[in-house]
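The structure under discussion appears below in the form of structure tokens.
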Amino acid sequence: MAKLNLLLLLVLVVCALGLVTSQHKARKLFSELERAEARARELDVEYGKLQLEASTWGLHARVERVATGTLGMRAPDARRVRVVNLAEGR
């Protein structure tokens, strides 16, 4: 009877240690998941900001302002512009 009690005690201790270990792993993984989700939210916000910035850089008015101000470009004289139809070029 003593051997059976000792065996049952050993099984109980092993089960308890397994339970504690699995709970610890679960909490650790949950903490890691929370950090990853927070990082994903930060990246989503940054992506939105970058999309807004990219659309701002490509605005027609800004491109025209940079072309005329910084690069010294100007629209050509209307007398020097020729329109070529695609059908006539064949």
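All of the numbers you see were taken from the coordinates with simple rules; none came from a lab. Keep in mind it's a predicted model, so treat the numbers as computed, not measured. For neighbour counting, all protein chains shown are included, and Cβ atoms are generated from backbone atoms with ideal geometry for every residue, glycine included.
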**Prompt:** Is it the case that the stretch 34-44 has a residue that's of a type in the set (A, V, I, L, M, F, W, C) and either touching a helix residue (DSSP H, G or I) at 6+ places or on another chain (Cβ under 7 Å) or touching a residue at least 40 places away in the same chain (Cβ under 8 Å) (or both)?
**Reply:** no
**Asked** Is there a residue being free of Cβ contacts under 8 Å to residues at least 12 places away in the same chain and surrounded by 10 or more Cβ atoms within 10 Å (Cβ to Cβ) anywhere in the stretch 68-78?
**Response** yes
**Request:** Quick one: count up the residues across the stretch 50-90 that are polar (S, T, N, Q) and part of a loop (DSSP other than H, G, I, E, B).
**Result:** 2
**Message:** Can you say whether LEU7 is under 17 Å from the mean Cα position of the chain (by Cα) and surrounded by 10 or more Cβ atoms within 10 Å (Cβ to Cβ), as far as the supplied structure shows?
**Reply:** no
